[in-house]
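Novice: Quick one: the structure is below, and I'll ask about it shortly.
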Amino acid sequence: MFEQQRQSLPLGKIYFWTVISGGTAASYLSLVQLIDQGGSEGFSYVAFLVFAVLGALTELVAIPLPKGGHLTASFPILFACLLELGYQPTLGILAVTAILCNGFLQRRSWKLCWFNFSQYALSYLAASQLLQLVGYGPVPAIRELPPTNVLAFAMLAYLLTNILLVDGFIAIEKKVPLYRVLWEDDRWEFL
């Protein structure tokens, strides 16, 4: 009798597609929420275009790290967009940078572009939810920036979510403990 061997999915692929599923679901639900709220009343298209152009340009600026790899300069622009316009417009800019910059200009695989978009969507969602939890929405709605400590915690929520999503995948793929990846890859981000 012929027996087929079942191949199980490697943990790295499961993790990769789980992050993509989570980020895509968060993006979809956010879009549905925006539509349910009546769309873009009071939305500044000029500010969105400025943030989109700056986000795309800064995504192309690579800052080399001492141990290899690089950071992009887009975080301050995208975080400012989150504060000024909110989560949904920030997702729009993330989609533009993922498709244009990562896909076309940097010629990364589409799966990697989707993963990057998804992990950024989840990271900015963490920051956005923390801001909303303490009573802050986009700046035009409240007309003042959150206090420095709230901004710091929102940035920390973004950074921790982002680092754990990316380094978790790297640790699984390399079969090394997460703390080693954190130390080797991200200690410079914390400095």
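The values are calculated or read from the model by the stated rules, or taken from the named source; none is laboratory data. If you're wondering where the values come from, they're calculated on a predicted model, not measured in any experiment. Neighbour counts are summed over all protein chains in view; Cβ atoms, including those assigned to glycine, are modelled from backbone coordinates with ideal geometry.
Novice: Taking interchain pairs and intrachain pairs at least six residues apart, which have beta carbon atoms under 9 angstrom, with the first residue in the range 55-79 and loosely packed, with under 14 Cβ neighbours inside 10 Å and the second assigned to a helix (DSSP H, G or I) and modelled with pLDDT of 75 or more?
Specialist: Final answer for the pair search is PRO76/THR58.
Novice: Any residue at all in the range 117-133 that is exposed (fewer than 15 other Cβ atoms within 10 Å of the Cβ), farther than 24 Å from ILE35 by Cβ and free of Cβ contacts under 8 Å to residues at least 40 places away in the same chain?
Specialist: Among the residues of the range 117-133, not one is exposed (fewer than 15 other Cβ atoms within 10 Å of the Cβ), farther than 24 Å from ILE35 by Cβ and free of Cβ contacts under 8 Å to residues at least 40 places away in the same chain, which makes the answer no.
Novice: Continuing with this model, one more query. Of everything in the range 12-27, what is touching a Phe, Trp or Tyr at 6+ places or on another chain (Cβ under 7 Å) and hydroxyl-bearing (Ser, Thr, Tyr)? Give them in sequence order.
Specialist: Passing the criteria: only TYR15.
Novice: Turning to a different aspect of this structure: Kindly indicate whether LEU34 is modelled with pLDDT under 80 and surrounded by 12 or more Cβ atoms within 10 Å (Cβ to Cβ).
Specialist: Yes, satisfied.
Novice: Ok, one more. Among all residue pairs at least 6 apart or on different chains, which show Cβ distances below 6 Å where the first residue, located in the range 148-165, is over 16 Å from PRO76 (Cα atoms) and surrounded by fewer than 17 Cβ atoms within 10 Å (Cβ to Cβ) and the second is at pLDDT below 90 and of a type in the set (Asp, Glu)?
Specialist: none
Novice: Select the helices (runs of 4 or more DSSP H) contained entirely in the range 71-142, then report the ones holding at least 1 residues which are farther than 22 Å from SER44 by Cα.
Specialist: 110-133
Novice: I'd like the full set of residues that are more than 12 Å from the chain's Cα centre (by Cα) and of a type outside the set (Val, Ile, Thr), limited to the range 156-177.
Specialist: Those that are more than 12 Å from the chain's Cα centre (by Cα) and of a type outside the set (Val, Ile, Thr): LEU156, ASP167, GLY168, PHE169, ALA171, GLU173, LYS174, LYS175, PRO177.
Novice: Within the range 84-116, can you find the residues that are modelled with pLDDT of 85 or more, among the charged types (D, E, K, R) and farther than 12 Å from PHE48 by Cα?
Specialist: LYS111
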